Amino acid sequence: MARRPFLKCLGWTGGAGLIAGAYAWKVEPHWVQWVRRPLPLIGLPQGLVGEKVVQLSDLHVGPQVELSYLANVLRKVASLRPRWVLLSGDFITYDGLWVVESLDRLLGLVSPLGARVFACLGNHDYGEN
């Protein structure tokens, strides 16, 4: 490949990499999708019909996501007054004990709800990607 087309290709590739990195670092961690879905279940006991379930995933408490931002998300969850809160992994991006302590404080915003909380760990909770 001639030098000029090679450098042009290299520039486009580098630019695309920078844009993808900026998206992953600044946009994705602050993207909350609030979706309300009726979930009709056959055989559901009548006492559970109409109850609310909130499912949260990928909080990634750590250096990329501000604690105040996550606190606002959890306050919104509290305002929904769910009967159950399901936490489906990647609570933290491990960066030391401060992250675990911060997660504990944040989840304290959910516990007064009286909701039952169910959780499973994700790969980032173990310090792995």
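Below, the figures for the structure above:
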{"read-out": "Theoretical FRET efficiency, 1/(1+(r/R0)^6), r = Cβ-Cβ of VAL53 and SER79, R0 25 Å, to 0.05", "value": "0.95"}
{"read-out": "Highest-first arrangement of 52-59, 64-71, 36-43, where packing means the average Cβ count within 10 Å", "value": "52-59, 64-71, 36-43"}
{"read-out": "Normalised contact order of the chain, rounded percent, pairs of Cα under 8 Å and 6 or more residues apart", "value": "24"}
{"read-out": "Environment charge of LEU103, counting only residues whose C-beta is closer than 12 Å and scoring Lys/Arg +1, Asp/Glu -1", "value": "-4"}
{"read-out": "Approximate spin-label separation LYS8-ARG116, in nm, with each point projected 7 Å along Cα-to-Cβ", "value": "6.3"}
{"read-out": "Computed magnitude of the charge dipole of segment 33-126 (debye, nearest 20; Cβ of K, R +1, Cβ of D, E -1)", "value": "640"}
{"read-out": "Burial order of peptide ranges 11-17, 104-110 (average beta-carbon count within 10 Å, highest first)", "value": "104-110, 11-17"}
{"read-out": "Where labels lie 7 Å past Cα in the beta-carbon direction, separation of ASN72 and VAL35 in nm", "value": "2.3"}
{"read-out": "With eigenvalues of the C-alpha gyration tensor scaled by 5 and rooted, the chain, Å", "value": "38, 19, 13"}
{"read-out": "Distance between modelled label sites at SER88 and MET1, nm, 7 Å Cα→Cβ extension", "value": "4.0"}
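No lab work stands behind these numbers, since they all come straight from the coordinates. Quick caveat: nothing in here was measured; it's all calculated off a predicted structure. We place every Cβ from the backbone using ideal geometry, glycine too, and count neighbours over all the protein chains shown.
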